[in-house]
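All remarks here apply to the structure that follows.
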Amino acid sequence: MRETPEELKDLQALLDASLNGSTRHLRSIINAGSTLTAERLTGLLTGMCTLALSTVTAKGEPRISGVDGHFLHGKWHFGTARNAAKARHLAARPAVSAAHLRGEDLGVFTHGTAETLNPPDSDPAADWPEVRAYLKDFYGDDSFDWDNEVVYYRLHPHWMTVFAPDTTKLTTPPRKEGHAG
């Protein structure tokens, strides 16, 4: 868990607002007894969490693919090859949806906008060195040409909800190696 108290407060406010503003149908499935607090969620989302990431083509057609998700400071971070179709989609249309599922025990659903952390032709995000250091520690320093081969994003959520019907089944996953994208 890397979140500050302020980041936890902001994440909790987002989770509460998202659920409270949801449809009656969704609230009949996800309620106070089947969701998690921001603090519990960030404790579970450690290491790499596979995300199903949805982008949109120029024709407005949805595309879904798997990416390695890392939940840092209350937001998803993910990457792909600079020449991947999803990188082109995100450059033109940064709105995304992401889902992290662990069977029937946990679902984290997020809608928002992707920010490029290490753009090819401009300055990186101010915290890119910190994020890159985390990623290099996770994947290995020489896994990629970190500045030219891969592009990383931060998903700024405007909606996020969590489904956890039986919290006694939830444990922190073991550290996973590898990468989707």
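The number of residues in region 46-98 being buried (at least 18 other Cβ atoms within 10 Å of the Cβ) and among the aliphatic types (A, V, I, L, M) comes to 9. Just one of (1) closer than 15 Å to Leu45 by Cα; (2) under 13 Å from the mean Cα position of the chain (by Cα) fails for Arg102. It is (2). Among helices (runs of 4 or more DSSP H) entirely within region 1-66, having at least 3 residues that are more than 20 Å from Lys169 (Cβ to Cβ) and without any contact (Cβ under 8 Å) to a residue 40 or more places away in the chain singles out 5-20, 24-29. The residue of region 111-157 that is surrounded by the most Cβ atoms within 10 Å (Cβ to Cβ), among those that are under 24 Å from Ala92 (Cβ atoms) and polar (S, T, N, Q), is Asn118.
Only the coordinates and a few stated rules stand behind these numbers; no lab work does. For clarity, every value in this text was computed on a predicted model and none was experimentally measured. Quick reminder, even Gly has a Cβ in these numbers, built from the backbone with ideal geometry, and neighbours come from all protein chains shown.
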